[in-house]
1. Could you check the range 33-65 and list, in sequence order, the residues that are surrounded by 13 or more Cβ atoms within 10 Å (Cβ to Cβ), acidic (Asp, Glu) and farther than 20 Å from residue 1 by Cβ?
2. Does residue 95 satisfy the condition of being surrounded by 10 or more Cβ atoms within 10 Å (Cβ to Cβ), in a helix (DSSP H, G or I) and modelled with pLDDT under 95?
3. Filter the range 44-64 for residues that are outside any helix (DSSP H, G or I) and of a type outside the set (A, V, I, L, M); which is farthest from residue 20 (Cα to Cα)?
4. Being in contact with a Ser or Thr (Cβ under 7 Å, 6 or more places away or on another chain), in the same structural domain as residue 25 (by TED's automatic domain parsing) and in a helix (DSSP H, G or I): is that true of residue 67 here?
5. Taking only pairs six or more apart or across chains, which ones have beta-carbon atoms under 8 Å, a first residue in the range 2-22 that is assigned by TED's automatic domain parsing to the domain that holds residue 34, and a second residue that is in a helix (DSSP H, G or I) and charged (D, E, K, R)?
6. Taking residue 104, is it more than 18 Å from residue 28 (Cα to Cα), surrounded by 10 or more Cβ atoms within 10 Å (Cβ to Cβ) and in contact (Cβ under 8 Å) with a residue 12 or more places away in the chain?
7. Test residue 25 against the stated conditions and say whether it is out of contact with any Phe, Trp or Tyr (no Cβ under 7 Å at 6 or more places or on another chain), outside the structural domain of residue 1 (by TED's automatic domain parsing) and β-branched (Val, Ile, Thr).
8. When you scan the range 83-92, do you find a residue that is more than 15 Å from residue 20 (Cα to Cα) and surrounded by 14 or more Cβ atoms within 10 Å (Cβ to Cβ), even just one?
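The values are calculated or read from the model by the stated rules, or taken from the named source; none is laboratory data. All values derive from a computational prediction rather than experimental measurement. Note: ideal-geometry Cβ built from the backbone for every residue, glycine included; neighbour counts use all protein chains shown.
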Amino acid sequence: MRIGELSKKTGIATSRIRFYERREILPKAVRGENGYREYPDRAVKVLSLIDDAQRLGFSLSEIRASLSEAAPDFPSRAAMIKALRSKLESIDQHMKDVRARRRAIVKLLDELSD
């Protein structure tokens, strides 16, 4: 399928699809004799995974690493669970850090308000 059709199926802009290719997150499409990119049906699933992972806070380098480890297959269920658990731990730690900074700011405000 061509990039326009892939864009319509996924709801992802063609410029973003090209960006993922340049960053080696999405495997490069095969070029037809006419020069157009031709994507396999699997690209829909890969783009969906990339989009979902970004919404969950995964960086592009984390996504690239996961996809390249699984290549040419799709990441296994176990690999996705491992990545999600790791991201959850990271978020929990970040929340603890933010709460600690908040307490420090409140304390400083109280001291400065006296």
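1. 62
2. Considered against the rule, which asks whether it is surrounded by 10 or more Cβ atoms within 10 Å (Cβ to Cβ), in a helix (DSSP H, G or I) and modelled with pLDDT under 95, residue 95 comes out as no.
3. 57
4. no
5. Here the result reads 3/18; 10/51; 12/51, each pair linking the range 2-22 to a residue that is in a helix (DSSP H, G or I) and charged (D, E, K, R).
6. When the stated conditions are applied, residue 104 does not pass them.
7. For residue 25, the condition - out of contact with any Phe, Trp or Tyr (no Cβ under 7 Å at 6 or more places or on another chain), outside the structural domain of residue 1 (by TED's automatic domain parsing) and β-branched (Val, Ile, Thr) - is not met.
8. Looking for residues that are more than 15 Å from residue 20 (Cα to Cα) and surrounded by 14 or more Cβ atoms within 10 Å (Cβ to Cβ), one finds at least one in the range 83-92, hence yes.
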